[in-house]
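What follows is one structure encoded as structure tokens, with my remarks underneath.
The values are calculated or read from the model by the stated rules, or taken from the named source; none is laboratory data. Nothing here was measured: the structure is a model prediction, and the numbers come from that model. Because the Cβ atoms are built from the backbone with ideal geometry, glycine has one as well, and the counts that use them run over all protein chains shown. Ligands, DNA and RNA are excluded from the accessible area calculation, which covers all protein heavy atoms including side chains. Shrake-Rupley method; radii C 1.70, N 1.55, O 1.52, S 1.80 Å.
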Amino acid sequence: MAGGKADNSKSKANTKGKEKEVKKETKLGLSVKKDDNFGEWYSEVVVNGEMIEYYDISGCYILRPWTMSIWEVMQAFFDAEIKKMNIKNCYFPLFVSPGVLQREKDHIEGFAPEVAWVTKSGNSDLDVPIAIRPTSETVMYPYYSKWIRGHRDLPLKLNQWCNVVRWEFSNPTPFIRSREFLWQEGHTAFASKTEADAEVLEILELYRRVYEEFLAVPVIKGQKSELEKFAGGLYTTSVEAFIPNSGRGIQGATSHCLGQNFAKMFEINFEDDKGEKAMVWQNSWAYSTRTIGVMVMVHGDDKGLVLPPKVAALQIIVIPVPYKDANTQAILDTCAATVSTLSAAGFRAEADLRDNYSPGWKYSHWEMKGVRAVRRDNFVKADIAIDGLVEKVKELLDDIQQSLLDSAKLKRDACVVVAKTWGEFAEALGQKKLILAPWCDEEEVEKDVKARTKGDMGAAKSLCSPFDQPELPEDTLCFASGKPAKKWTYWGRSY
Ligand code: 87F
């Protein structure tokens with residue numbers, strides 16, 4: 001089939017003149033294989049799959065409709081779930097005044113170089129430069145302080161869907177590390193720590209579902225180390241994914257318990273039910289368009305993108321395959337009818353009836369975009385019962401969705417190495433593994449691990465201590481310090 005020309009009319013199909021009308025068939029394939037040059041493969045896949053277009057400002061990318069529809073599916077799910085939790089959407093301004101930004105010195109210190117500033121309007125300098133939000137704690141919390149007076153004002157649970165800007169300097173990568181990205185940020189305040197603790201986990205479970213149920217990417221739920229947690233908070237939980245091809249872990253989303261640190265700084269106080277002055281307990285949580293990059297890296301292959309049906313803008317593409325002596329119009333009509341049936345059944349289906357591309361070209365094109373070919377070119381001939389079709393397609397899509405998750409899990413699990421000594425750890429790191437090691441949970445020891453593994457590829461760090469802890473025998477020692485181990489922790493290089 002490949003290379004064949006589309007013929008939209010039986011009689012003219014084989015004439016030279018007709019052939020010229022068919023567009024020059026550009027080479028569609030990828031120029032590198034996923035296993036040969038992963039970085040280059042990724043750039044090609046996101047561009048050729050029509051998800052991203054590069055932009056003339058480094059670290060900024062155009063998100064094309066093929067990307068946005070994936071984002072919208074995840075957004076619809078997450079937004080409905082948080083509404084069930086009585087979390088309300090809101091929108092705060094993009095700009096931050098320097099005053100509030102600096103009010104929160106400790107946590108901002110390490111991040112300061114990444115904050116972008118507006119210093120001019122037209123040709124004149126602004127009296128006071130204004131920052132562009134890198135995250136909205138300092139934007140929102142002054143108003144939390146104003147709005148929260150008594151225990152009846154609690155809990156206050158707000159979320160916003162927005163863009164943020166972080167002027168990153170290390171190598172930008174579409175979706176994974178960009179200077180502007182889309183996310184949701186949730187900011188909640190409670191009267192008690194118990195309520196805050198419960199919400200942290202409830203949100204983390206939604207993040208797990210976004211990854212596993214929608215993107216078909218297996219993740220590990222766990223707690224960040226003291227060194228890796230959000231410095232402004234009390235503790236950080238995350239879902240962690242792993243990219244077998246690069247041997248790197250990647251933080252998929254975070255759900256923080258902020259404790260009362262911000263409440264102190266921003267004076268978010270309330271009168272409790274005994275009439276006493278108390279401070280709120282806060283959480284914040286976010287997931288971003290990074291999710292999409294993780295999905296591409298995990299599932300894409302040498303033919304291009306592979307999209308899990310649940311998030312794909314198009315789940316089914318129907319491609320007519322006209323052939324010599326066939327009734328082309330009947331084939332096209334059947335394609336259109338098939339699409340109507342599938343659309344009516346709730347599937348996202350379209351027919352590619354363009355007559356200036358050959359079926360072979362169309363196969364490659366849609367495969368590149370992640371809609372994988374299951375050839376059903378005998379619909380006309382074999383008279384497949386229309387009601388049977390819907391059932392079959394449902395089974396097929398469910399099966400694709402499940403097997404994507406299953407095979408990603410197998411592949412991820414095959415990368416996990418349990419390392420009990422420094423020797424085993426160093427060897428596994430050299431093999432780009434995801435390392436599960438018994439650890440003493442001391443900050444100095446993690447700093448030491450970082451120092452000892454420094455190199456061109458970046459240092460190893462802790463990814464998370466999984467909530468699902470394997471049994472830790474009492475006399476187990478830390479892989480790095482030889483002190484008694486307190487927990488199992490995942491380690492590796494990361495994005
Ligand atoms: C970059 C510049 C300025 C990350 C930054 O994770 C400030 C920051 O505070 C910064 N990069 N962070 C941490 C963000 C913490 C927190 N914010 C709300 C989240 C979830 C959503």
Subject >> Pairs where the first residue, in region 99-112, is near the ligand (Cβ under 10 Å from one of its atoms) and the second is among the β-branched types (Val, Ile, Thr), C-beta under 9 Å, 6+ apart >> reply: 101/108; 101/115; 101/138; 101/139; 104/138; 108/115; 108/138; 111/135
**OP:** Restrict the check to region 469-479 and report whether at least one residue is out of contact with any His (no Cβ under 6 Å at 6 or more places or on another chain), open to solvent by 20 Å² or more (accessible area, probe 1.4 Å) and under 28 Å from residue 294 (Cα atoms).
**Re:** yes
**OP:** Would you mind stating whether residue 323 is open to solvent by 30 Å² or more (accessible area, probe 1.4 Å) and of a type in the set (Phe, Trp, Tyr)?
**Re:** yes
Subject >> Looking only at region 138-162, and only at residues there that are hydroxyl-bearing (Ser, Thr, Tyr) and within 28 Å of residue 75 (Cβ to Cβ), the one that is farthest from the ligand (Cβ to nearest atom) >> reply: 143
Subject >> Sole exception among (1) away from the ligand (no atom under 16 Å from the Cβ); (2) polar (S, T, N, Q); (3) in a loop (DSSP other than H, G, I, E, B) for residue 135, by number >> reply: (1)
Subject >> Every residue from region 407-421 that is open to solvent by 60 Å² or more (accessible area, probe 1.4 Å) and of a type outside the set (S, T, N, Q) >> reply: 409, 410, 411, 413, 414, 418, 420
Original post:
Restricting attention to region 259-271, does a residue exist that is among the small types (Gly, Ala, Ser) and within 16 Å of the ligand (Cβ to nearest atom)?
Top reply: yes
Original post:
Just for region 272-293: of the residues that are more than 14 Å from the ligand (Cβ to nearest atom), in contact (Cβ under 8 Å) with a residue 24 or more places away in the chain and part of a strand (DSSP E or B), which one is farthest from residue 197 (Cα to Cα)?
Top reply: 278
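Residue-wise test of (1) open to solvent by less than 50 Å² (accessible area, probe 1.4 Å); (2) in a loop (DSSP other than H, G, I, E, B).
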residue: 76; (1), (2): no, no
residue: 91; (1), (2): no, yes
residue: 120; (1), (2): no, no
residue: 128; (1), (2): no, no
residue: 139; (1), (2): yes, no
residue: 142; (1), (2): yes, no
residue: 146; (1), (2): no, no
residue: 152; (1), (2): no, no
residue: 157; (1), (2): yes, no
Original post:
When you go through (1) open to solvent by 10 Å² or more (accessible area, probe 1.4 Å); (2) within 16 Å of the ligand (Cβ to nearest atom); (3) under 26 Å from residue 36 (Cβ atoms) one by one for residue 246, which number turns out not to apply?
Top reply: (2)
**OP:** State the number of residues belonging to region 44-74 that are part of a helix (DSSP H, G or I) and either open to solvent by 30 Å² or more (accessible area, probe 1.4 Å) or not hydroxyl-bearing (Ser, Thr, Tyr) (or both).
**Re:** 13
Original post:
Does region 343-357 include one or more residues that are farther than 30 Å from residue 240 by Cβ and either within 16 Å of the ligand (Cβ to nearest atom) or open to solvent by less than 20 Å² (accessible area, probe 1.4 Å) (or both)?
Top reply: yes
Original post:
Residues in region 163-180 that are more than 11 Å from the ligand (Cβ to nearest atom) and part of a strand (DSSP E or B): how many?
Top reply: 4
Subject >> Selection count, region 192-211, where residues are over 17 Å from the mean Cα position of the chain (by Cα), closer than 17 Å to residue 238 by Cβ and open to solvent by less than 50 Å² (accessible area, probe 1.4 Å) >> reply: 4
Subject >> Members of region 286-315 found to be open to solvent by less than 10 Å² (accessible area, probe 1.4 Å), farther than 17 Å from residue 44 by Cβ and of a type in the set (A, V, I, L, M), listed by number >> reply: 294, 311, 312
Subject >> Condition met for residue 189 (surrounded by fewer than 19 Cβ atoms within 10 Å (Cβ to Cβ) and within 14 Å of the ligand (Cβ to nearest atom)) >> reply: no
**OP:** Output the residues belonging to region 221-243 that are in a loop (DSSP other than H, G, I, E, B) and either within 13 Å of the chain's Cα centre (by Cα) or within 13 Å of the ligand (Cβ to nearest atom) (or both).
**Re:** 224, 228, 229, 230, 231, 232, 233, 234
